[in-house]
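Some notes on the structure that comes next.
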Amino acid sequence: MTFPFLLFRFTIIFLAATLTLAAADQPARKRVALVIDDGPVPEHNTQFLALLAQEKIHVTFSHVGRNVAAHPEMSRAVLEAGHEIANHSYTHPHIKDLDDATVQREVRDTQEVIRQATGQAPKWFWAPFLEQDERLVAVVRAAGLEYFPREKFHFISTDDWNSTTDAATVRLRATTAIQDGTVILLHEWPEKTLAELPGIITELKRQGVEFVTFSELAEGK
């Protein structure tokens, strides 16, 4: 082998090793999507938006159709702030107990009221009570939406909706065992959630979390 060839080969090996070490030094991504259920809630919506703007993060709000009909300006403000809105049914029923036509009506009526309020229809259906089976997935898809595929993500429910779950437990659940591709479920109406959210965000940022919307997480961004 000639000297120039050996030098070229050594240079390639050195560069490859350098790139490998540089990649190893990079911290692993830890993308997290916060999903905030049951809005818009007039008592808390503005405060949620102000906090998220201050923290410079975007989340996914799942809105109930009848709430949007009562407060369309709040859904519009959510979208204008850069957040995502998911369809959370019109009346928040146990949809597993409904026939196909009623499920589709719940979905389509919510799509329409959100579209009227914001000019944009949701992409995802976030089921009340997280109820899901093959029939419901098929019915929702027939209505033109994708069912939230909870099984594909590391899903954490803070159980903040439960009156027996205290504020400290909500914060602990929202900040423990976080990994890349985590979805954390919170609700817009509990006082304890609004009170704990600043601390939750601070701790997740300390852990190196990258906040994304659910669509961004699902699309691998």
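The values are calculated or read from the model by the stated rules, or taken from the named source; none is laboratory data. Note that this is a predicted model, so its numbers are computed, not measured. Note that we place each Cβ from the backbone using ideal geometry, even for glycine, and neighbour counts take in every protein chain shown.
Per-residue answers, yes or no, for (1) within 14 Å of Ala86 (Cα to Cα); (2) without any contact (Cβ under 8 Å) to a residue 40 or more places away in the chain:
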{"site": "Arg115", "(1), (2)": "yes, yes"}
{"site": "Asp160", "(1), (2)": "no, yes"}
{"site": "Ala167", "(1), (2)": "no, yes"}
{"site": "Val170", "(1), (2)": "no, yes"}
{"site": "Thr176", "(1), (2)": "no, yes"}
{"site": "Glu188", "(1), (2)": "yes, no"}
{"site": "Ala218", "(1), (2)": "yes, no"}
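Let's see how each residue does on (1) of a type outside the set (Lys, Arg); (2) in contact with a Lys or Arg (Cβ under 9 Å, 6 or more places away or on another chain); (3) at pLDDT 95 or above; (4) closer than 23 Å to Phe153 by Cβ:
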{"position": "His92", "(1), (2), (3), (4)": "yes, yes, yes, yes"}
{"position": "Ala101", "(1), (2), (3), (4)": "yes, no, yes, no"}
{"position": "Arg105", "(1), (2), (3), (4)": "no, no, yes, no"}
{"position": "Arg108", "(1), (2), (3), (4)": "no, no, yes, no"}
{"position": "Val113", "(1), (2), (3), (4)": "yes, yes, yes, no"}
{"position": "Ala117", "(1), (2), (3), (4)": "yes, yes, yes, no"}
{"position": "Gln120", "(1), (2), (3), (4)": "yes, no, yes, no"}
{"position": "Trp124", "(1), (2), (3), (4)": "yes, no, yes, yes"}
{"position": "Glu131", "(1), (2), (3), (4)": "yes, yes, yes, yes"}
Checklist outcome for this item: Checking Arg150, Arg173 in turn, the sole residue that is among the basic types (Lys, Arg), modelled with pLDDT of 95 or more and either in contact with a strand residue (DSSP E or B) (Cβ under 8 Å, 6 or more places away or on another chain) or crowded, with 17+ Cβ neighbours inside 10 Å (or both) turns out to be Arg173
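Rundown of residues vs (1) within 22 Å of Asn45 (Cα to Cα); (2) not polar (S, T, N, Q), yes/no style:
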site: Leu136; (1), (2): no, yes
site: Arg141; (1), (2): no, yes
site: Asp160; (1), (2): yes, yes
site: Ser163; (1), (2): yes, no
site: Leu172; (1), (2): no, yes
Checklist entry - Going by the structure shown, is Thr193 at pLDDT 95 or above, crowded, with 19+ Cβ neighbours inside 10 Å and either touching a Leu at 6+ places or on another chain (Cβ under 7 Å) or not small (Gly, Ala, Ser) (or both)? => result yes
Checklist entry - When you look at Ala138, is it in a strand (DSSP E or B) and modelled with pLDDT of 95 or more, yes or no? => result no
Next on the checklist: Among the residues in the range 97-108, are any small (Gly, Ala, Ser) and either in a helix (DSSP H, G or I) or surrounded by fewer than 15 Cβ atoms within 10 Å (Cβ to Cβ) (or both)?
Outcome noted: yes
Checklist entry - Residues that are within 13 Å of the chain's Cα centre (by Cα) and of a type in the set (D, E, K, R): which helices (runs of 4 or more DSSP H) entirely in the range 159-221 hold 1 or more of them? => result 214-218
Checklist entry - Where residues in the range 115-135 are touching a Leu at 6+ places or on another chain (Cβ under 9 Å) and outside any loop (DSSP other than H, G, I, E, B), which of them is nearest to Val68 (Cα to Cα)? => result Ala117
Checklist outcome for this item: Across the range 133-151, the tally of residues that are in contact (Cβ under 8 Å) with a residue 12 or more places away in the chain and more than 14 Å from Ser62 (Cβ to Cβ) stands at 8
Next on the checklist: Quick check on my filter: what residues within the range 114-146 are of a type in the set (A, V, I, L, M) and within 21 Å of the chain's Cα centre (by Cα)?
Outcome noted: Ile114, Ala117, Ala121, Ala127, Leu130, Leu136, Val137, Val140, Leu145
Next on the checklist: Out of everything in the range 153-170 that is over 26 Å from Gly220 (Cα atoms) and in contact with a strand residue (DSSP E or B) (Cβ under 6 Å, 6 or more places away or on another chain), what residue ends up being surrounded by the most Cβ atoms within 10 Å (Cβ to Cβ)?
Outcome noted: Asp160
Item to check | One residue from Lys96, Lys123 being under 30 Å from Gln54 (Cα atoms) and among the basic types (Lys, Arg) | outcome: Lys123
Checklist entry - If a residue has to be of a type in the set (S, T, N, Q) and surrounded by 18 or more Cβ atoms within 10 Å (Cβ to Cβ) to count, how many in the range 114-147 make the cut? => result 2
